[in-house]
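K.L.:
Questions regarding the structure given below will be posed in turn.
The values are calculated or read from the model by the stated rules, or taken from the named source; none is laboratory data. Bear in mind the structure is a predicted one, so any value in this text is a computation, not a measurement. FYI the Cβ positions are ideal-geometry reconstructions off the backbone, even for glycines, and counts take in every protein chain you see.
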Amino acid sequence: MRLCFIANPNSIHAQRWVRYFAGRGHDVHLIGDKPPAAAPPPDIHFYDLTRQANTRKLRYLTWSRTVRRLVRTIQPDVLHAHQVASAGWLGTAAGYRPFLVTSWGSDLLVGPRRSWAQRQLARWVLRQADYVTVVSNDLAAMATQLDAKPERLEVAPWGVDRAVFYPSASDAMAEEKPLVLSLRAIRPLYDPLTLAAAIPLVLQAVPQARFAVFTYNADPQLLAAFQDKLDILGAAQAVDYVPPLPDDGAVADYCRRAAVAVSIPVSDGTPKSVQEAMACGAVPVVSDLPALRPWLRHQQEGLVVPLADSRALAQAITRLLTDDALRRRLRRAGLEAIAQFADQSVCMQRYEQLCQQLAAGQRPQPPAAPPGEDR
């Protein structure tokens, strides 16, 4: 198939998508709505919209005409927009069929609640799409509220590459200084200041603990506030900052070293970073959000804490660092959950099947029960 994606070329998720389909032998084209931070893979045809225009107020008007012209030149079997916002607007404006839209989370859970304009744009995209995929049941409910047609909507997770993300044979707690890994970017959505407040509380109980914080895509002002807070609380010496890593293998190595993985956003879809950490044997501590409940349950595959509660977060992390039996039980259950619900080889086959059906002029049939719903 010839497939054309519209996506942020710097997103690790978009990069994985295009690499997967190119690796399967498909002719892959990527239209980027952000300036690329690095050269795209050589087997991908890449088009940089930002080289034409990047003026904030006018760019979508210019880009819409460009995308419309590009897709008619490329003539893809499927046009696939990654995110309802931005990429979805451009794909809808192109007026090309078949048109597949995949929501990532905040494009439905945050944007449409933030402004009337984004709500109307989301409705426009979801009404016009031939098919819509989301990664969780609550995203499906939100898409339906925004006029997505149920017969054209499917919960379809992306999954984890278990050939890359796999557990270590040794126990992470065997390390002299057990590692707690913060998985999400230092941005407001992911509530890093709650973690900063929790770190000194953990150190009171487990003074040998170390914390590692991923700094990819960080908000510079929020990162500075995070570091300042740790300085004030006297916990800065226990925290390492991990720069952007070169590939998935390097991310997996960090996850394998971690005993505990933390993800505490205020809204979420189905976070691949959490699933990847679980696949590597780290036990997750996550905020209490509906999207996670089908596959990550409190005290069964991980620990769930209330939103913005630093004391509860510290207690959960401390509990995992001091209760080996609990941590090992949750680790085993987490590995089983990933194998059952989040194996990329199965999940991405479904997306390839969706593209094949759309390319053939067929309407895909959503499965009777989304993954994990029957648990």
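K.L.:
Among the listed residues V180, V134, identify the single one that is of a type outside the set (D, E), touching a residue at least 40 places away in the same chain (Cβ under 8 Å) and not assigned by TED's automatic domain parsing to the domain that holds T270.
P.N.:
Numbers: V180 fails: not assigned by TED's automatic domain parsing to the domain that holds T270.
Unique residue meeting the criteria: V134.
K.L.:
Could you check, for region 337-360, whether at least one of its residues is at pLDDT 95 or above and closer than 20 Å to A252 by Cβ?
P.N.:
Scanning region 337-360, I find no residue that is at pLDDT 95 or above and closer than 20 Å to A252 by Cβ, so the answer is no.
K.L.:
Return only the number of the condition from (1) touching a Pro at 6+ places or on another chain (Cβ under 8 Å); (2) at negative phi; (3) part of a loop (DSSP other than H, G, I, E, B) that Q353 does not satisfy.
P.N.:
It fails just one condition, (3).
K.L.:
Further question: Give the number of residues within region 217-253 that are loosely packed, with under 15 Cβ neighbours inside 10 Å, within 20 Å of the chain's Cα centre (by Cα) and touching a residue at least 24 places away in the same chain (Cβ under 8 Å).
P.N.:
4
K.L.:
Here is a list: V251, V262, V239, V266. Which entry is within 20 Å of A282 (Cβ to Cβ) and touching a Ser or Thr at 6+ places or on another chain (Cβ under 8 Å)? Spell out how you get there, then give the answer.
P.N.:
On the way: V251 fails: touching a Ser or Thr at 6+ places or on another chain (Cβ under 8 Å); V239 fails: touching a Ser or Thr at 6+ places or on another chain (Cβ under 8 Å); V266 fails: within 20 Å of A282 (Cβ to Cβ).
Every option except V262 fails the conditions.
K.L.:
State which residue is nearest to L70 (Cα to Cα) when the search covers only region 107-136 and only residues that are among the small types (G, A, S) and buried (at least 18 other Cβ atoms within 10 Å of the Cβ).
P.N.:
So the first thing to find is which residues in region 107-136 are among the small types (G, A, S), and the list is 111, 115, 117, 122, 129, 136.
When the remaining residues are screened for being buried (at least 18 other Cβ atoms within 10 Å of the Cβ), the result is 111, 122, 129, 136.
Working: G111: 27, A122: 23, A129: 18, S136: 32 Å.
So the residue we want is A129.
K.L.:
Within the group S136, S106, which residue is in contact with a helix residue (DSSP H, G or I) (Cβ under 8 Å, 6 or more places away or on another chain), closer than 18 Å to Y351 by Cβ and either at pLDDT below 90 or not hydroxyl-bearing (S, T, Y) (or both)?
P.N.:
Values: S106 fails: closer than 18 Å to Y351 by Cβ.
Result of the check over S136, S106: S136.
K.L.:
Residues of region 2-49 being surrounded by fewer than 18 Cβ atoms within 10 Å (Cβ to Cβ) and either farther than 27 Å from P271 by Cβ or small (G, A, S) (or both), which ones?
P.N.:
R2, S11, G23, G25, D27, A37, A38, A39, P42, D43, H45, D48
K.L.:
For region 1-57: of the residues being of a type in the set (G, A, S) and assigned to a loop (DSSP other than H, G, I, E, B), which is modelled with the highest pLDDT?
P.N.:
Keep residues of region 1-57 that are of a type in the set (G, A, S), which gives 7, 11, 14, 22-23, 25, 32, 37-39, 53.
Still in the list and also assigned to a loop (DSSP other than H, G, I, E, B): 11, 25, 37-39, 53.
Details: S11: 88, G25: 96, A37: 83, A38: 82, A39: 83, A53: 69.
Taking the candidates together, the pick is G25.
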